1. Name the single residue, out of those in segment 82-104 being acidic (Asp, Glu) and exposed (fewer than 13 other Cβ atoms within 10 Å of the Cβ), that is nearest to ASN61 (Cα to Cα).
2. Among what's in segment 56-65 and is in a loop (DSSP other than H, G, I, E, B) and touching a residue at least 24 places away in the same chain (Cβ under 8 Å), pick the residue that is nearest to GLN9 (Cα to Cα).
3. In contact with a strand residue (DSSP E or B) (Cβ under 6 Å, 6 or more places away or on another chain) and more than 21 Å from GLU29 (Cβ to Cβ) - does that describe any residue in segment 41-53?
4. For residues in segment 105-115 being part of a loop (DSSP other than H, G, I, E, B) and out of contact with any helix residue (DSSP H, G or I) (no Cβ under 9 Å at 6 or more places or on another chain), which is nearest to TYR58 (Cα to Cα)?
5. Can you run down the residue pairs with Cβ atoms below 7 Å, 6 or more apart or on separate chains, where the first is in segment 13-39 and under 16 Å from ASN61 (Cα atoms) and outside any loop (DSSP other than H, G, I, E, B) and the partner is of a type in the set (S, T, N, Q) and at pLDDT below 95?
6. Name the residue, out of ALA53, ALA121, that is of a type outside the set (Phe, Trp, Tyr), touching a Lys or Arg at 6+ places or on another chain (Cβ under 7 Å), touching a residue at least 12 places away in the same chain (Cβ under 8 Å) and buried (at least 21 other Cβ atoms within 10 Å of the Cβ).
7. Are any residues in segment 1-52 farther than 20 Å from GLU78 by Cα, charged (D, E, K, R) and modelled with pLDDT under 95, and if so, which ones?
8. Can you pull out every residue in segment 1-27 that is in contact with a Lys or Arg (Cβ under 9 Å, 6 or more places away or on another chain) and either surrounded by fewer than 14 Cβ atoms within 10 Å (Cβ to Cβ) or farther than 22 Å from ARG104 by Cβ (or both)?
Amino acid sequence: MVRAVVVNQDLSQANLYAEKLRAAGYEVELCAGPGHEQCPVLAGLPCPIADRADVLVYDANVLEDPARVEELIGDVRETYADLPLVLTSADPAADWMELEGAHRVIPVVAHDQLVAAVAEALEEQGMGA
């Protein structure tokens, strides 16, 4: 079963995403993000939760400071370049977001796009159904 890790500081939002993904057949693990827990990725270390993932689903607002979010997502892309990354609450016009290439992220603006975005991300990695 494909495992998705949902990183979101809003527990109700994280649970909503988890429900949608579980209904689509994914196994889901939740992380409250670096605002609530120490984030090993920000310290240049691998994350044991991300190590178990097949796809990462990050809230683009997981940190209050947009510059720190950019740094976090950059660090995640460096550490987990082989994992697809879906960004929720994302502004597709953000100039730091790479929509192509090795550090590509898939932005999701609306809740109803989540499952399709995760499927697209996995398909690009050769893990699609």
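The values are calculated or read from the model by the stated rules, or taken from the named source; none is laboratory data. Computed from a predicted structure; not experimentally measured. Positions of Cβ are backbone-derived with ideal geometry, glycine not excepted, and every protein chain shown enters the neighbour counts.
1. Residues of segment 82-104 acidic (Asp, Glu): 82, 91, 95, 98, 100.
Adding the requirement that they be exposed (fewer than 13 other Cβ atoms within 10 Å of the Cβ) leaves 82, 95, 100.
Details: ASP82: 23, ASP95: 15, GLU100: 21 Å.
Checked segment 82-104; the qualifying residue nearest to ASN61 (Cα to Cα) is ASP95.
2. So, considering only residues that are in a loop (DSSP other than H, G, I, E, B) and touching a residue at least 24 places away in the same chain (Cβ under 8 Å), the one nearest to GLN9 (Cα to Cα) is VAL62.
3. Taking every residue of segment 41-53 in turn, none turns out to be in contact with a strand residue (DSSP E or B) (Cβ under 6 Å, 6 or more places away or on another chain) and more than 21 Å from GLU29 (Cβ to Cβ).
4. Of everything passing the filter in segment 105-115, VAL109 is nearest to TYR58 (Cα to Cα).
5. Sorted first by the residue in segment 13-39, then by its partner, the pairs are ALA14/ASN8; TYR17/ASN8; TYR17/THR88.
6. Result of the check over ALA53, ALA121: ALA53.
7. Residues satisfying the conditions are ASP10, GLU37.
8. If the condition is that a residue be in contact with a Lys or Arg (Cβ under 9 Å, 6 or more places away or on another chain) and either surrounded by fewer than 14 Cβ atoms within 10 Å (Cβ to Cβ) or farther than 22 Å from ARG104 by Cβ (or both), then GLU27 is the only one that fits.
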